[in-house]
1. In square angstrom, rounded to the nearest 10, how much accessible surface does ARG207 have for a 1.4 Å probe?
2. For ARG292, enumerate residues with amide H under 5 Å from its amide H, sequence gap 5+ or separate chain, H modeled in the peptide plane.
3. Using Cα springs under 10 Å in a Gaussian network model of the chain, which residue among TRP158, TRP246, TRP214 shows the largest mean-square fluctuation?
4. With a 1.4 Å probe and every protein chain left in place, tell me how much accessible area SER252 has, in Å² to the nearest 10.
5. Under a Cβ-only charge scheme (Lys and Arg +1, Asp and Glu -1), can you give me the dipole magnitude of the chain about the Cα centre, in debye to the nearest 20?
6. Placing unit charges on C-beta atoms (Lys and Arg positive, Asp and Glu negative, everything else neutral), compute the dipole magnitude of the range 270-358 about its Cα centre in debye, rounded to 20.
7. Toward the positive end of the charge dipole of the chain, about the Cα centre and with charges on Cβ (Lys, Arg +1; Asp, Glu -1), which of ALA258, LEU341, VAL321 goes farthest?
8. Leaving out ligands, DNA and RNA, and with a 1.4 Å probe, what % of the accessible surface on the range 264-353 is carbon or sulfur?
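The values are calculated or read from the model by the stated rules, or taken from the named source; none is laboratory data. It should be emphasised that the depicted structure is a prediction, and the values quoted were computed from it without experimental measurement. Reconstructed Cβ throughout: ideal geometry from the backbone, glycine too, with neighbour counts over all protein chains shown. In case anyone asks, the SASA skips ligands and DNA or RNA and just uses the protein heavy atoms, side chains included. Shrake-Rupley method; radii C 1.70, N 1.55, O 1.52, S 1.80 Å.
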Amino acid sequence: MISAEENPQQPTELPDEDFMTNPSLAMDACFTAFDKDGDDRLSLNEFTLICRALFRNDKGHIYVVPSDRLEQMFAVFDKNEDGYIDREEFQFCWNQWIKTIVRPISAFLIVDVQNDFISGSLNISNCSAQQNGLEVIEPINKLLDTVDFDAVFYSLDWHPSDHVSFIDNIKQRPIHPTSPLNADNAQVYDTVIFAGPPPMKQRLWPRHCVQDSWGSELHKDLKVVEHGVKVYKGTNPEVDSYSVFWDNKKLSDTTLCAQLRLKGSTDIYVCGLAYDVCVGATAIDALSAGYRTILIDDCCRGVDLNDIESTKQTVISSNGVIVSSREVKAMVEGRDRRPELGYKLAMELKNSESDLSKNNACRRQSQQQQQQQQQQPSQ
């Protein structure tokens, strides 16, 4: 439940039932509960009480929100900049921010858990971090069994045989004069510069995940749910594609963007292989697109320890969060509400062109249509 606290011993509470069965009543009740001085507007201090009620975990622990972030979030909803949030402004705050925080729409994105990365030609246990890709399968399967995600996606590297990233294809394309290595001395995992046009940096990998090969298949022990959607990437022979959203040159997107918009997703849980390559690129693109992004640490394995750490720092600095799989269920159910994700959402609401803002608009339109249908008298 959402509670307003003047102090921890004197909470004002709003039951979840009101939130679900009568959203308008719940919104008014919430505003009134936190309007402590009864002046029909919310001050920064009263908004801070809302944040204390919102940002807590399922054990009742209240997450601390830095004062500068409180002020920045407050400013998003104080549209007329008078130093208060009135009832009309609170309607925007309630519909686009609070409701998403309490009732997120969560997508589970499982990245490239394919044979070649686990025991095939690009087995990541042979890379410098020496991590075992097989270890991600058990915690991922447990999440699929125990957490009611709104959507589940499986990405697959899906390369044609002449793909630019394969080291054995290096002599198929001219090397640019500025490349630090040429076709004769480049080794696996080195980076060369192809002539293009335009000139293009490319890290070289063993031949892997060739379309319709055993290596490209999802591992047999990974659970594939009935409603799961497969997303194929790396299909253009001339451009590599780490992220499940875009190819590396941002020339074309996959079907993922459209699928997420269709489902009205607000939160994306990302995991899989490899942590510091395709998983990291996907999480960073999700954040760039405006999604509240959660990286599931124990469901990822990677190539290089330094690059894994760099990936984590980039996600955190972009207002994503990194969690363990045991924390996911409470977050998906809206019982563990992280302030980093609330701040991320508030900042995205300033940008009406972000995917998250568009998804919220679609979600509100769908809810309004459902309410109108429910209010129509039966024939």
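1. 80
2. ILE268
3. TRP214
4. 60
5. For this selection, approximately 740 debye.
6. 400
7. Result: ALA258.
8. 43
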